[in-house]
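Undergrad: Take a look at the following structure, please.
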Amino acid sequence: MSAIELHSLTKRFGELTAVDDLSLEVKEGELLCLLGPSGCGKSTTMRMIGGLERPTEGKVSINGEEVTRTPAYERDSSIVFQNWALFPHKTVLENVEFGLKMDGVSDAERTERAREMLEMVQLSDYEDSSPNELSGGQQQRVALARSLIVEPHVLMLDEPLSNLDKRLKEEMQLELKEIHDDLDQTMVYVTHDQNEAFTLADRIGVMNDGQIVQVGEPPEVYNNPKTQFVEEFLGDTNIVSGQVEETTENSVLANSELGCSFEIPVKRDSVPEIGEPITVSLRPENMTVKPSQSREITADGGKPRSRVAGEITNVIYRGSMVRSYVDTGSREVFVEQQYDPDAGVWGQDNAIIEWNSDRLVAFDDDGMQITPYEAQL
Ligand SMILES: Nc1ncnc2c1ncn2[C@@H]1O[C@H](COP(=O)(O)OP(=O)(O)O)[C@@H](O)[C@H]1O
Ligand SMILES: [Mg+2]
């Protein structure tokens, strides 16, 4: 049985369709991240799961039971928000106990369970403190303990870490992951931050314009994006436009704005027509820059493929990685590779960029990916 099932869920606010015919299954015990740009409908989706927003159309089930019209307090779910509202005049322990008090649990049991929760979030020493004596990260841990203590079947977190600074955020991400693994707690985690999704998620649901574009495990959505939107949203890349010049039953040759041709493996049912525009995505980590004496490329027996010459315009050191910007004459591309002090390229102006044709992904005129997944493994 799935922990959550959403069936053709739609939410309209007047003219605006915030969530558009969305279907999704969250498995028992998994941490699913809803990832997408601001305004794409993540919070609205979550609020419909939690019962804080009523769907215009569609169905919500939790733990196999349809709850579309069940009020929030009767659903087996709990939500942690970005602005974690703790009770300022209650102690940390009283804040954590609160949900159990509402459920009529006895004093002694309440205190015992709240102490267990505080131990799990590493705040045992603070049970008598007032929330405003705690740091942002500690307050967020209290909010988490307060939500977990009622043992919700489903815990939902809406950008819970976005107010924290980078270091604390990364620390909390790891803690959350540990808590999730310890409790096998089903979690839906909303974020617009790809790195956060990659750190936490068992599966990622990428959202755009009120719809789920793709659901999959992190390496799958990164390496085998269904659409150009997913490819661009999940990481930095060079988007290069081109036009199909030749086709076979499972590949195309396309010219490009870089001045070079691309030989692209294509799924048999997605081969575009000659003359059709296509888009190639070159991830910076799938390319290398090499020094060159001149900007002339010696073509091996035909048109130069899988490489292009250019001039290095900027080099940025990012710890162990180096990002180089290269002007190819028609446009600039960027490449990321391991820093190698012996490579000799960093002081050079002229360089050649190469890439592995098997690692590139291409999209048709509608933004749908046409390269076969096997090509990227
Ligand atoms: N109560 C509301 N009334 C009107 N419009 C809303 C309401 N809640 C959300 N929206 C709109 O719905 C869209 C999706 O919002 P939201 O789900 O909050 O997106 P996200 O969480 O992905 O940033 C946005 O355009 C937002 O302005
Ligand atoms: Mg939101």
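Undergrad: Mind telling me which of the residues V240, V215, V206 ends up being within 20 Å of M156 (Cβ to Cβ), in a strand (DSSP E or B), away from ligand 2 (no atom under 16 Å from the Cβ) and in contact (Cβ under 8 Å) with a residue 60 or more places away in the chain?
TA: Going through V240, V215, V206 in turn, just one is within 20 Å of M156 (Cβ to Cβ), in a strand (DSSP E or B), away from ligand 2 (no atom under 16 Å from the Cβ) and in contact (Cβ under 8 Å) with a residue 60 or more places away in the chain: V215.
Undergrad: Please enumerate the residues belonging to the range 1-14 that are more than 10 Å from ligand 1 (Cβ to nearest atom) and surrounded by fewer than 14 Cβ atoms within 10 Å (Cβ to Cβ).
TA: Matches in the range 1-14: M1, S8.
Undergrad: Please go through the range 17-48 and pick out each residue that is within 6 Å of ligand 1 (Cβ to nearest atom) and hydrophobic (A, V, I, L, M, F, W, C).
TA: A18, C40
Undergrad: So in the range 134-188, with the set limited to residues that are part of a loop (DSSP other than H, G, I, E, B) and within 16 Å of ligand 1 (Cβ to nearest atom), which one is most open to solvent (accessible area, probe 1.4 Å)?
TA: Pass one, the range 134-188, residues part of a loop (DSSP other than H, G, I, E, B): 134-135, 149-153, 159-165, 184-185.
Checking which are within 16 Å of ligand 1 (Cβ to nearest atom) leaves us with 159-163.
Numbers: E159: 25, P160: 2, L161: 1, S162: 43, N163: 85 Å².
Residue satisfying both the conditions and the ranking: N163.
Undergrad: Mind checking which pairs have a first residue in the range 6-20 that is closer than 15 Å to T68 by Cα and a second that is more than 9 Å from ligand 1 (Cβ to nearest atom) and of a type in the set (K, R), Cβ under 7 Å, 6 or more apart or different chains?
TA: From the range 6-20, the pairs are H7/K59.
Undergrad: When V244 is evaluated against the numbered criteria (1) under 17 Å from the mean Cα position of the chain (by Cα); (2) open to solvent by less than 40 Å² (accessible area, probe 1.4 Å), which criterion, by number, is the only one it fails?
TA: Here V244 clears every test but (1).
To keep it simple, each residue is scored yes or no on (1) open to solvent by 70 Å² or more (accessible area, probe 1.4 Å); (2) at pLDDT below 70; (3) among the aromatic types (F, W, Y); (4) assigned by TED's automatic domain parsing to the domain that holds I264.
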residue	(1), (2), (3), (4)
L282	no, no, no, yes
E285	yes, no, no, yes
G301	yes, yes, no, yes
N314	yes, no, no, yes
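The values are calculated or read from the model by the stated rules, or taken from the named source; none is laboratory data. What you see is a predicted model, and the numbers here were worked out from it, not measured in a lab. Note that each Cβ is placed from the backbone with ideal geometry, even for glycine, and that neighbours are counted across all protein chains shown. What goes into the accessible areas is simple: the full protein's heavy atoms, side chains included, and nothing from ligands, DNA or RNA. Shrake-Rupley method; radii C 1.70, N 1.55, O 1.52, S 1.80 Å.
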